[in-house]
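The values are calculated or read from the model by the stated rules, or taken from the named source; none is laboratory data. Keep in mind that this is a model prediction, so the values were computed, not measured. Because the Cβ atoms are built from the backbone with ideal geometry, glycine has one as well, and the counts that use them run over all protein chains shown. To get the accessible areas, we keep the full protein, side chains included, count just its heavy atoms, and leave off ligands, DNA and RNA. Shrake-Rupley method; radii C 1.70, N 1.55, O 1.52, S 1.80 Å.
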Amino acid sequence: MQTTTIRRQVGRQVRRCGFTLVELLVVIAIIGTLIALLLPAVMSGQAAARKASCLNNMRQVGLGIVNYETTKQRLPGYVQPVKRADGQWVGPSMVGLTDAGFNSVGKANESFVAWSGVILPFTDRQDIWDQLQQASAPAPISKIEVYVCADDTDITTLENAAGLSYVANTGAWDRDSRFTFLSGAGEGDVEANGLFQNLTIGNIKSDFTSCRDGRATTLMLGENVNKDQSNTVNTTWASSWLGCTPAQGGEQQYGMVWVVAYPPDGPPNQACSGVDDQARLGVDPDTVEYPGGLPCYARPKSNHPGGQSNAIMADGSGKSIDFAQMDYLVYQQLMTPWGAKCEDPRQHVGKAVGDNDIIDGFRQAAPLSEDSF
C-alpha cells in the first residue's frame, strides 16, 4: 500500500515538471512580442550611435579646418593647387574610389586638390600629406576613417573606398549656365557669399573674419550623400578627375551651395536644368547623378533616420539640423557669412536696394539666432 502511494506521488511530480503545448505557444508568443517591442528601440539606438559617430568625425574635421585657418590666416579653397617637392603640381589619377591615386601635372591650373586633402596635416595625417607631395610616381590614396560617415552607404559598402561624406560651405554657385567660371568684371563670387572658394582658377581668399553675421550662425561643414558616385568616375577626399573639366570644377563634389533664384512662396525650382535650380534641402532626388555640372544636388543630405543632418558651424560647434523642413531663406542666411553684402555671381545685381528682389530678400532679412534653425 505504501509503495503504491509513493508511485502515485512520483507520477504526479513528473507530470508537474512538463509544459502543455498551449503553455509553450503562449511563452513563444510572449517572447516574440517582447522582441518586436525591443527591436525598434535597439535599431533606433544603433542609428543614434552612427549619427553621433558621424558628428564626432565631423567635429574632428572641423577642428582641422579651424587649426588650418589659424596657422595660414585663411581658409582652404574648396579646390586649390598644391605644389610637390619636385616642383610639379599634385594632380588626380583617372581612377575610382576603391583604387584611387594621385600623380603630378605640369600646371598649377590643372591641380585641383580638395579642401579635405589640404587639411591633412591638421587632422593628424601628416604621413599621407607627405606621401601626396613627395611621390615620384602615382601613389594610392588611402581610406581615412574620419572622412566617412557610417550612414553614407555609397562609400561604406565599398571596401577601403577613399571617399568623403562631408561637404564645405562654398557659397553661391560659381558658374553660369554654360559652365563658365565667373571671374570677369562685374561678376563672380564674392567673399560674403560663402566660406570656401575656388583657389585653382579664382583669387578670393576667405578667413573667419568674413563671418560678420556670426560664426555660430554660419555653416562650415555639412553632409551630402547625393554626391556623384557613378561607376565610371568617382570622387575621393583628395581630388576628383572631374575637377579637371570645365563643366565640373569640384564645387558640386566638395561643396554645398545656395542658388539665387527661387519662387517667392517656396524653395528653388527642382527641374535641375539650370544654375537657379536646386532640389529640396535634405530630400532624396529621383536620381543621385549630378546633371551636367549644375548645383541641383549640391546641398545637405544624410541617410540618418528622421531627416536630420549633422552640421559644423564656423565656430567649430556641431549640431543636427532638419534641413528638409528649413525655409530656403534661412538656408541662404546660414550659407552667407555676411548676408548684407552677398551678390548674384552672374551680374552682381543687388548692390543697391531694389536692384534685385531675390538678393534683397535675404540681404535685408532679420539676423539669425541659434533658435532660428
Here is a list of conditions, (1) open to solvent by less than 10 Å² (accessible area, probe 1.4 Å); (2) modelled with pLDDT under 80; (3) among the acidic types (D, E), and D284 meets all of them except one; can you say which number that is? (1)
Filter segment 108-134 for residues that are hydrophobic (A, V, I, L, M, F, W, C) and out of contact with any Ser or Thr (no Cβ under 8 Å at 6 or more places or on another chain); the one that is nearest to Y78 (Cα to Cα) is W115
Anything in segment 170-203 that is in contact with a strand residue (DSSP E or B) (Cβ under 8 Å, 6 or more places away or on another chain) and β-branched (V, I, T)? List them, or say none. T170, T200, I201
If a residue has to be part of a helix (DSSP H, G or I) and aromatic (F, W, Y) to count, how many in segment 180-220 make the cut? 1
Selection from segment 299-345 of residues among the polar types (S, T, N, Q), more than 20 Å from K227 (Cα to Cα) and in a loop (DSSP other than H, G, I, E, B) yields S317, T336
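Residue-wise test of (1) hydrophobic (A, V, I, L, M, F, W, C); (2) touching a Gly at 6+ places or on another chain (Cβ under 6 Å); (3) over 14 Å from S372 (Cα atoms); (4) surrounded by 23 or more Cβ atoms within 10 Å (Cβ to Cβ).
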| position | (1), (2), (3), (4) |
| --- | --- |
| P300 | no, yes, yes, yes |
| P305 | no, no, yes, no |
| A314 | yes, no, yes, yes |
| K319 | no, no, no, no |
| Q325 | no, no, no, no |
| Q332 | no, no, no, yes |
Quick one: what pairs do we get from segment 316-338, first residue farther than 14 Å from G222 by Cα, second outside any helix (DSSP H, G or I) and charged (D, E, K, R), C-beta under 9 Å, 6+ apart or different chains? Y328/R280; Q333/D213; T336/D213; P337/R212; P337/D213; W338/R212; W338/D213
Checked against (1) crowded, with 21+ Cβ neighbours inside 10 Å; (2) assigned to a loop (DSSP other than H, G, I, E, B); (3) out of contact with any strand residue (DSSP E or B) (no Cβ under 9 Å at 6 or more places or on another chain), I155 satisfies every condition except (2)
Does G184 satisfy the criteria of being open to solvent by less than 40 Å² (accessible area, probe 1.4 Å) and touching a Phe, Trp or Tyr at 6+ places or on another chain (Cβ under 8 Å)? no
Is there a residue being in contact with a Phe, Trp or Tyr (Cβ under 7 Å, 6 or more places away or on another chain), modelled with pLDDT under 90, open to solvent by 70 Å² or more (accessible area, probe 1.4 Å) and of a type outside the set (A, V, I, L, M) anywhere in segment 93-109? yes
Could you list, in sequence order, the residues of segment 162-179 that are farther than 16 Å from N203 by Cα, modelled with pLDDT of 85 or more and assigned to a loop (DSSP other than H, G, I, E, B)? A162, G163, L164, S165, D176
